[in-house]
Amino acid sequence: MSNSKAKALLLIADDVGENRIKEFQLLSEAGGYEVLDTIIQRRRPDTRYYLGIGKLGEVESLVKSLRPDAVITYHQLNPIQYVNLERRLRVRVMDRILLILEIFEKRAGSKEAKLQIELTRLRLEIPRVREFIRLAKMGEQIGFYGGGEYAIEAYYRYMMRRIAHIRRELNAIRRRREMLVVRRRDYGLPQVALTGYTSAGKTTLFNRLAKESKYVDGKPFATLDTYSRLVNFNGLNAILTDTIGFIDDLPPLLIESFYATIAEVLNADLILFMVDVSDDYQEFSRKFMSSIKIFDDLGIPRTRVLPVLNKVDLMDSVSINDKISLVKSEFGDYVLISAKTGVGIDDLRDTVRSRLEPLMVGRRYGNSKNFLTQ
């Protein structure tokens, strides 16, 4: 039986750390690619070809001998780099952002998620199509997927119409989501959002708290759609929502296009910030600080965030101390748990209740009897 998995060469042009390289490889595997080789050039990306001419020659030889289905770059390519690489390598070229979108496409279930993905892809393609049009008008060959000038311009006009249509549909979905949040508040239910770095165990915790069985595979972006369920936190009812995970170097375009998903975090009364405490300190610190930056970019105050240090069952008491110190330098409190084994779950429920109870006094919920249960 033959292996039908697509094959890929990975290109990195920068002094990228080993943890990021490993994450890039895991992303590629999550996207359905078998990684044939990872070519690294420890210098800033070349403005024309991403890699320098010498290293590019090595890649050309590898493409001819290994015959990959795709070449994937770590950094986002500009239109000139994209076109030049395809013309030189004569193979499909994509960057890490398009790789993430491919993963999203495979995991997406709702109409909203599919529209968000299509919108992001179209917005990424527009500069490249413009470059194709420019080269076509100059009479140049325009690459591996090149078409005639008229066909490209017709596709460009279609893209612009499609983007306008998708934005209208997403705005309508966003308005319905906002109305749902208002109705939940009127009903007397606080909002709790699960977020954090991808593969931190968010969905595993969601399944345990909500008694659900949502898809978990340990790979990046297993969760794309948001799920909301009524959960009892030791006598206090709240709406718990599982959200898409963060990832390092996520470009603003992806964050903006997935506004409706991130809005669940913005509207939450309490954010459970999941962190994988089983990572080594360097990796733990990178993921932790990357997530903090996203919170800051979204304007989320620390007071609305509760760090949840997951996978404590895989740790010993000595190696965890430095990680706790890092968390305490940014937040007032935290909870140690194992979502898989159930360790610390009661402490988490108690902490969530203690954080949400003041809302009963500080806000006027429409129906407070739904807020507390005996």
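The values are calculated or read from the model by the stated rules, or taken from the named source; none is laboratory data. Source: prediction; values computed, not measured. We place every Cβ from the backbone using ideal geometry, glycine too, and count neighbours over all the protein chains shown. Only protein heavy atoms, including side chains, enter the accessible area calculation; ligands, DNA and RNA are left aside. Shrake-Rupley method; radii C 1.70, N 1.55, O 1.52, S 1.80 Å.
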query: When only Cα pairs under 8 Å and 6 or more residues apart are kept, what is the percent relative contact order across the stretch 296-351?
result: 39 percent
query: Quick one: with all protein chains in place, what share of the accessible area of the stretch 293-360 is carbon or sulfur, to the nearest percent (1.4 Å probe)?
result: 50 percent
query: What per residue convex hull volume, in Å³, comes out for the stretch 286-333 when only alpha-carbon positions are used?
result: 81 Å³
- request: Quote the charge dipole size of the stretch 1-50 about the Cα centre in Debye, to the nearest 20; the model charges only the Cβ of Lys and Arg (+1) and of Asp and Glu (-1).
  value: 140 debye
message: Let me cross-check residue 303: its accessible surface, 1.4 Å probe, with only protein heavy atoms counted, in Å² to the nearest 10?
response: 110 Å²
query: Under 26 Å from the Cα of residue 323, which lysines turn up, not counting those fewer than eight places away in the same chain?
result: 22, 202, 219, 287, 293, 311, 340
query: Hey, if you put +1 on the Cβ of every Lys and Arg and -1 on every Asp and Glu Cβ in the stretch 263-337, which of 265, 326, 303 ends up farthest toward the positive end of that dipole?
result: 303
- request: Taking only protein heavy atoms into account and a 1.4 Å probe, give the accessible area per residue of the stretch 279-352 in Å².
  value: 48 Å²
field: Protection proxy ranking of 11-21, 323-333 - average other beta-carbon atoms within 10 Å, highest first
entry: 11-21, 323-333
- prompt: Rounded to the nearest 0.05, what FRET efficiency is calculated for residue 297 and residue 18 with R0 set to 25 Å and r the Cβ-Cβ distance?
  reply: 0.45
field: Residue-span extension gain [residue 178 to residue 48] - 0.36 nm each, minus C-alpha spacing
entry: 42.4 nm
